[in-house]
Amino acid sequence: MTQNNHPSPFAARITGTGSAFPKRIVTNNDLSKTLDTSDEWIRERTGIRERRISKVGDPAEQNSSLALIAARNALEMAGKAPDDIDQIIYATVSPDTLVPPTSCWLQYKLGASRSSALDVNAACSGFLNCLATADQYIRSGQIKTSLVVGAEVLSAITNWEDRSTAILFGDAAGAVIVERTEPDNPRRILSSHLGADGNLWELFQLPAGGSNMEVTPERHAQKLDKMQMKGKEIFKIAVKTLADYANTALQANGMKIEDVDWFIPHQANLRIIEAVAKRLDFPMEKVLINLDRYGNTSSASVPTMMDEAVRDGRIKPGQVLLLDVFGAGLTFASVLMRY
Ligand code: UT7
């Protein structure tokens with residue numbers, strides 16, 4: 001596990017948040033028309049009621065187009081212009097194109113001409129890996145302003161004939177502006193902890209499409225170019241690691257669970273979140289949840305949740321936020337901050 005909370009002449013803080021979703025709402029009942037499933041099963045086993053799905057071929061609902069709206073909203077909140085951005089770091093597993101990077105599509109659409117652009121694939125842990133990277137660049141003094149994005153069009157890599165995965169995922173984009181601040185500003189990113197266990201690669205994979213296995217008509221027909229998951233195994237590991245990474249973040253900052261105002265976990269399954277809250281002895285009233293309306297949006301789940309709660313006033317300046325995720329790889333991360 002990498003721990004990032006060493007002393008530095010600068011600190012970083014989030015000054016703007018934004019999010020965007022496709023227009024089309026797909027309910028559990030809609031899915032039950034083509035899959036052997038039911039609204040009751042999906043709600044009881046996952047907590048998901050509906051999700052947003054991008055319209056295939058609509059340029060306004062591509063990954064980088066959703067990210068563009070989220071980024072503009074975040075910039076507006078921060079009072080910044082595209083030219084103020086030094087760096088775009090973009091978490092996604094469902095890029096517009098493998099080459100060029102989706103961060104470059106966003107840079108082009110946004111007109112952020114001064115910015116560098118980097119895509120990061122750490123699956124559902126991608127956004128927190130990007131946030132930790134932005135924090136490090138800012139604290140090293142190299143840059144002042146970073147645009148950090150978590151955006152997904154998972155519908156493009158979902159096997160719509162597999163009821164064990166198709167019911168879970170949705171499309172969305174979240175973005176934050178991270179800016180340099182004084183090291184003694186209480187409102188800053190306090191720590192980040194990142195980790196992975198590649199031994200567990202088989203639990204969640206998309207076999208075809210990389211250089212290991214090219215997509216052929218046969219492999220496409222076998223859905224080898226879509227996500228495959230061993231959900232039950234991931235579930236158990238997720239509960240344990242989310243609790244561990246939360247505790248590690250608290251210990252590193254000399255804090256207790258009572259010091260946290262809002263817990264923002266990866267939005268994969270309500271039962272996972274409830275089990276983690278129980279392990280941490282943390283009240284569910286202080287856990288932020290949007291998966292009921294959007295499903296699992298991978299790297300977009302934490303930034304979209306954060307944006308919603310900032311905009312509706314639940315998250316207030318100075319509050320302590322604990323962000324905590326897991327994903328394919330497997331990958332894990334937690335970030336503690338005073339907003
Ligand atoms: O981004 C992070 C990556 N992934 C995750 O976080 C996933 C973590 N895992 C999960 O969320 C859960 O394991 C699932 C929601 C995927 C599955 O829930 P579960 O309670 O672990 O169900 P299960 O896989 O043990 O399946 C129970 C039963 C099975 O039937 P039998 O063998 O008991 O007859 C499944 O075939 O439910 C069946 N089933 C379904 N039934 C109706 C599986 N999917 C469905 C479905 N509708 N959509």
Quiz item: What helices (runs of 4 or more DSSP H), lying completely within the range 97-167, carry at least 3 residues that are within 16 Å of the ligand (Cβ to nearest atom)?
Solution: 126-139, 163-166
Self-check item: Single unsatisfied condition, residue 34 versus (1) open to solvent by 10 Å² or more (accessible area, probe 1.4 Å); (2) closer than 30 Å to residue 336 by Cα; (3) in contact (Cβ under 8 Å) with a residue 60 or more places away in the chain
Solution: (2)
Self-check item: Which numbered condition residue 49 misses (of (1) among the basic types (Lys, Arg); (2) free of Cβ contacts under 8 Å to residues at least 24 places away in the same chain; (3) surrounded by 15 or more Cβ atoms within 10 Å (Cβ to Cβ))
Solution: (2)
Practice problem: Sort out which residues of the range 306-329 are within 14 Å of the ligand (Cβ to nearest atom), among the aliphatic types (A, V, I, L, M) and either modelled with pLDDT under 95 or over 21 Å from residue 253 (Cα atoms) (or both), and write them in order of number. | Solution: 328
Quiz item: Could we say that residue 51 is assigned to a strand (DSSP E or B), charged (D, E, K, R) and either more than 16 Å from the ligand (Cβ to nearest atom) or assigned by TED's automatic domain parsing to the domain that holds residue 172 (or both) here?
Solution: yes
Self-check item: Breaking point among (1) of a type in the set (Lys, Arg); (2) touching a helix residue (DSSP H, G or I) at 6+ places or on another chain (Cβ under 7 Å); (3) in a strand (DSSP E or B), for residue 13
Solution: (2)
Exercise. Search the range 216-235 for residues that are without any contact (Cβ under 8 Å) to a residue 60 or more places away in the chain and under 14 Å from residue 206 (Cβ atoms) and pair each with any residue that is outside any helix (DSSP H, G or I) and open to solvent by 60 Å² or more (accessible area, probe 1.4 Å) when their beta-carbon atoms are under 8 Å apart and the residues are at least 6 apart or on different chains.
Key: 224/215
Exercise. Answer yes or no as to whether residue 69 is within 28 Å of residue 168 (Cα to Cα), in contact (Cβ under 8 Å) with a residue 24 or more places away in the chain, open to solvent by 40 Å² or more (accessible area, probe 1.4 Å) and hydrophobic (A, V, I, L, M, F, W, C).
Key: yes
Quiz prompt | residue 23 being farther than 18 Å from residue 270 by Cβ and either within 16 Å of the ligand (Cβ to nearest atom) or not assigned by TED's automatic domain parsing to the domain that holds residue 170 (or both) | solution = no
Quiz prompt | Hits in the range 124-176 (condition: more than 20 Å from residue 19 (Cβ to Cβ) and touching a Gly at 6+ places or on another chain (Cβ under 9 Å)) | solution = 157, 164, 165, 167
Self-check item: Answer from 305, 284 - the residue that is closer than 19 Å to residue 272 by Cα and without any contact (Cβ under 8 Å) to a residue 40 or more places away in the chain
Solution: 284
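Residue-wise test of (1) closer than 19 Å to residue 151 by Cβ; (2) touching a strand residue (DSSP E or B) at 6+ places or on another chain (Cβ under 6 Å).
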residue	(1), (2)
250	no, no
262	no, yes
304	yes, yes
321	no, yes
328	yes, yes
331	yes, yes
Self-check item: Positions within the range 170-200 being surrounded by fewer than 24 Cβ atoms within 10 Å (Cβ to Cβ) and within 13 Å of the ligand (Cβ to nearest atom), in sequence order
Solution: 200
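The values are calculated or read from the model by the stated rules, or taken from the named source; none is laboratory data. On a predicted model such as this, the values are computed, not experimentally measured, just so you know. Here the Cβ is made from the backbone with ideal geometry for all residues, glycine too, and neighbour counts use every protein chain on show. Ligands, DNA and RNA are excluded from the accessible area calculation, which covers all protein heavy atoms including side chains. Shrake-Rupley method; radii C 1.70, N 1.55, O 1.52, S 1.80 Å.
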